[in-house]
Protein chains: 2
Amino acid sequence: MATDAEPISPMMRRIQSRRKRILTVARELLLQHGYYGMTMDAVASATGYPKGTIYLQFGCKEDVILALAAECLDRRLAMIRRAITYPGKTRARAVAVGEAVSLFARLRPDDSRIIHIATGPIREKGEASRLDAVRRRESETVAVLHGLLTEAMRDGELVFKGDATVEEMAFGLCALIEGGYTLIEGGFPEHTLGIEAPILEMWWIFNRLADAYGWRPYFREWDWEETLADVRRNLFPVEAQLVYGEGCWYGDMGPKHPGARRRF
Amino acid sequence: MATDAEPISPMMRRIQSRRKRILTVARELLLQHGYYGMTMDAVASATGYPKGTIYLQFGCKEDVILALAAECLDRRLAMIRRAITYPGKTRARAVAVGEAVSLFARLRPDDSRIIHIATGPIREKGEASRLDAVRRRESETVAVLHGLLTEAMRDGELVFKGDATVEEMAFGLCALIEGGYTLIEGGFPEHTLGIEAPILEMWWIFNRLADAYGWRPYFREWDWEETLADVRRNLFPVEAQLVYGEGCWYGDMGPKHPGARRRF
DNA sequence: TCCCAAAACTGACGAAACGTCGTTTTTCGC
DNA sequence: GCGAAAAACGACGTTTCGTCAGTTTTGGGA
C-alpha cells in the first residue's frame with residue numbers, strides 16, 4: 001500500500017539507507033538515554049550525518065520517535081497477522097493472537113517501551129502524517145480482532161449469551177490487552193498485587209471473558225494447553241523457543257500436571 | 001498521612017498559597033497549549049512570580065506536571081473512596097466504584113487528560129519523590145478494588161467458579177478500566193469500532209466479567225438499574241446531575257423500558 | 001566530454017526554553 | 001531594633017531545537 005513504486009534510483013537508494021541508519025541510531029539512543037537523553041545533535045554525531053541532513057527526512061525529533069513506533073507496531077502487527085492465519089476454530093485463533101501479543105511483549109520489551117513512549121505528549125508535536133501512520137497501525141490491530149469476532153459469529157462458534165455486540169466484545173478485549181500491558185509496564189501487578197506472572201494471569205482472564213460471552217468451545221470443552229503448544233510449535237517456533245527455552249512449550253500455562261491445572 | 005503538622009506560620013502560608021497559584025496557572029496553560037506549549041517562562045509571567053521563585057518549589061517543569069497529576073488522582077481517589085462506602089452488597093459497591101470512575105471521566109475530562117499526559121516520558125525527568133506521590137495514588141486505587149474483592153470473598157458473595165484468585169480478578173478489572181479509558185481518550189471505540197457510548201459498553205463488559213467470576217447477585221438476579229440510580233441519587237447527586245442532567249438518573253444505561261434492556 | 005540548472009547537502013547560526021546564582025529583600029529570634 | 005538566616009528575584013549561562021544561505025553533487029543534453 002504505502003510502498004512507493006521504484007526505489008531504483010541510486011539517489012533514492014542512498015536516501016533510504018540513510019533514513020534507516022538514522023532510525024537505528026535514534027532507537028539506540030532513545031532506549032539507552034530515554035526521551036530527554038536522545039538529542040538530535042547526538043543522533044547527528046552518532047550517525048555522522050550533519051543535522052541538516054537529518055532534518056531533511058524528519059521534521060522534528062518527535063517525528064523520529066513516531067517513525068520508530070510505527071516500525072515497532074509493524075512488527076507486532078506482523079505477528080498478530082501471522083497468528084490470525086492459524087487454522088482451526090475461531091477461539092483457537094484468538095488464543096493464537098493472544099500468544100502473539102504475549103510473545104511480542106516478552107521478546108521485544110524495547111519495542112513495547114517505544115510504543116509506550118509514543119503514547120505521550122509526543123503526539124502533540126509530531127507531523128500529522130506520521131501520527132496517522134501510527135494510528136492506522138493501531139486501528140489495524142483492533143480491526144483484526146473485530147474481524148475474527150465477526151467471523152466467529154458468522155460461523156456460529158460465537159453465540160452471545162444474552163444481548164451483546166461484536167463491537168462491545170472487541171472493545172473489551174482490546175481494553176484488557178491495552179490496559180494489561182500498560183499496568184505490566186508500570187510494574188503494578190507485581191508491586192501492588194503481588195502477581196508474579198502477570199501475562200499468565202491475562203491468559204486466564206481472557207478465557208473467562210471468552211466463556212462469558214459464549215465463545216465455543218468453552219474452556220472446559222477443549223484442551224487449550226495443547227492448542228497453545230501447537231501455536232508455539234507451528235506458528236511461532238523461533239519466538240517461543242527464545243522466550244520459553246528449549247522444549248518448554250508449556251512453560252507459561254502454570255503447573256503441568258492436569259490435576260493442578262485451573263478449571264472453570 | 002502526608003499532611004505535614006502545622007502550616008501555621010505566616011511564611012508557610014504564603015508559600016502554600018503561591019504553590020497553589022503556580023499549579024492553577026500551570027494547569028491552565030497545560031490544558032490550553034499542551035505539554036510543549038506550557039513553558040516555565042509563561043507560568044512565571046502569568047503568575048507574576050519570577051522564575052527563580054517557581055524553581056524553589058518545583059525542581060523542573062516535569063515536577064509541576066506530576067504535582068498536577070497527583071491532584072487529579074486525588075480527586076478521582078476521593079470519588080472512589082466515597083463510592084466504596086456505599087452500603088449494601090459488595091457487587092453493588094463495585095457498581096458504585098465503576099460509576100465513580102465513569103462520572104469522573106465525564107465530569108473532569110481535563111483531569112483525565114492530565115493523568116494521561118503524566119503517563120509519558122515525563123516520568124523520566126521528574127524527581128523521585130514526586131513520582132512516588134503519583135505512584136502511591138495509583139496503587140491506592142488498585143488497593144481499594146482489591147480490598148473490596150477480598151471482602152466480597154470473605155462474605156461469601158464472591159465464590160469463584162473454578163480456580164481463580166482475588167489478585168487475578170483485581171488485575172483484570174483494573175486493566176479493563178485503564179485500557180478502556182486509554183482507548184476512549186484516543187477515540188478508538190468511536191472511530192474504529194463505531195461505538196457511540198463507550199462508557200456504557202464498559203458497564204456491560206464489567207457485568208459480564210463479574211458474572212463470569214461468580215460474583216453474586218448475578219446480573220439477572222438483581223435490579224442493577226435501580227442500584228445505579230440509587231448510587232447516583234444518594235452518593236453522587238451533584239456529579240450525576242451535572243453529567244446526566246435534571247432527573248435523568250437512568251440516562252446512561254440505555255433504553256429505559258425493561259423489555260429493551262439487555263439481559264444475560 | 002563538458003556544461004549548467006536543479007536538487008541535495010552542510011554546519012554555523014539564531015531562537016527558545018530550561019535552569020542557576022549572586023545580589024537584594026524579608027523574616028524572625030533575641 | 002539588630003543581625004543572621006531564609007526567601008525572593010531576574011538577569012544570565014547553557015542546552016537543544018530547528019533553519020538557511022552558501023556549497024557540492026547529480027543528471028541529462030549539446
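Think of each Lys and Arg Cβ as +1 and each Asp and Glu Cβ as -1; about the Cα centre, that makes the dipole of chain B roughly 580 debye.
Along the charge dipole of segment A:16-147, Cβ charges K/R +1 and D/E -1, which of A:Met40, A:Val144, A:Ile114 sits furthest on the positive end? Farthest towards the positive pole: A:Val144. Take each residue in B:182-194, count the other chain C-beta atoms within 10 Å of its C-beta, and the mean is 5. Applying 1/(1 + (r/R0)^6) with R0 = 25 Å to the Cβ-Cβ distance of A:Asn234 and A:Ala197 gives a FRET efficiency near 0.55. Calculated from the alpha-carbon coordinates, chain A shows an Rg and a Dmax of 20.9, 65 Å respectively. Treating each Cα of segment A:1-57 as an identical point scatterer and summing with the Debye formula, the log10 of I(q)/I(0) at q = 0.13, 0.18 Å⁻¹ comes to -0.38, -0.65. Ranking A:Leu73, A:Tyr86, A:Gly52 by Cα position along the charge dipole of segment A:51-95, where only Lys, Arg, Asp and Glu carry charges on their C-beta atoms, puts A:Tyr86 farthest toward the positive end. Taking all protein chains together and rolling a 1.4 Å probe, A:Tyr36 ends up with roughly 60 Å² accessible. Here B:Thr85 sits with roughly 90 square angstrom of accessible surface, probe radius 1.4 Å. Give the long-range amide H neighbours of A:Leu158: residues separated by 5 or more places, or on another chain, with amide H under 5 Å away, using H modelled in the peptide plane at 1.01 Å from N. Amide H to amide H, under 5 Å and 5 or more residues apart or across chains, A:Leu158 pairs with A:Met153, A:Arg216. Highest-first packing order for the peptide set A:172-178, B:44-50, A:14-20, A:134-140 is A:172-178, A:134-140, B:44-50, A:14-20, based on the mean count of other beta carbon atoms within 10 Å. Annotation for A:Arg136, label-to-label distances across the other copies: 4.7 nm (shortest first, one decimal, point 7 Å from Cα along Cα→Cβ). Taking every alpha-carbon pair under 8 Å whose residues sit at least 6 apart, segment A:61-260 reaches a relative contact order of 25 percent. Computed over segment A:1-128, relative contact order equals 24 percent, with contacts defined as Cα pairs under 8 Å that lie 6+ residues apart.
Take the convex hull of the alpha carbons in the protein assembly as shown; its mean projected area over all directions comes to 28.7 nm². Take B:Asp155, push a point 7 Å out from Cα through the beta-carbon direction, and compare it with the same point in every other copy: 4.3 nm, smallest first.
Sorting A:154-160, B:231-237, B:113-119 by their mean Cβ neighbour count within 10 Å, with the most densely packed peptide first, gives B:113-119, B:231-237, A:154-160. Label-to-label distances for A:Ala46 across copies, nearest first, come out at 3.4 nm, using points 7 Å from Cα in the beta-carbon direction.
The relative contact order of segment A:1-57, computed from alpha carbon pairs under 8 Å that lie at least 6 residues apart in sequence, is 27 percent.
The values are calculated or read from the model by the stated rules, or taken from the named source; none is laboratory data. Computed from a predicted model, the values in this text were never measured in an experiment. Note that we place each Cβ from the backbone using ideal geometry, even for glycine, and neighbour counts take in every protein chain shown. These area figures cover heavy atoms from the full protein model, side chains too; ligands, DNA and RNA do not enter into them. Shrake-Rupley method; radii C 1.70, N 1.55, O 1.52, S 1.80 Å.
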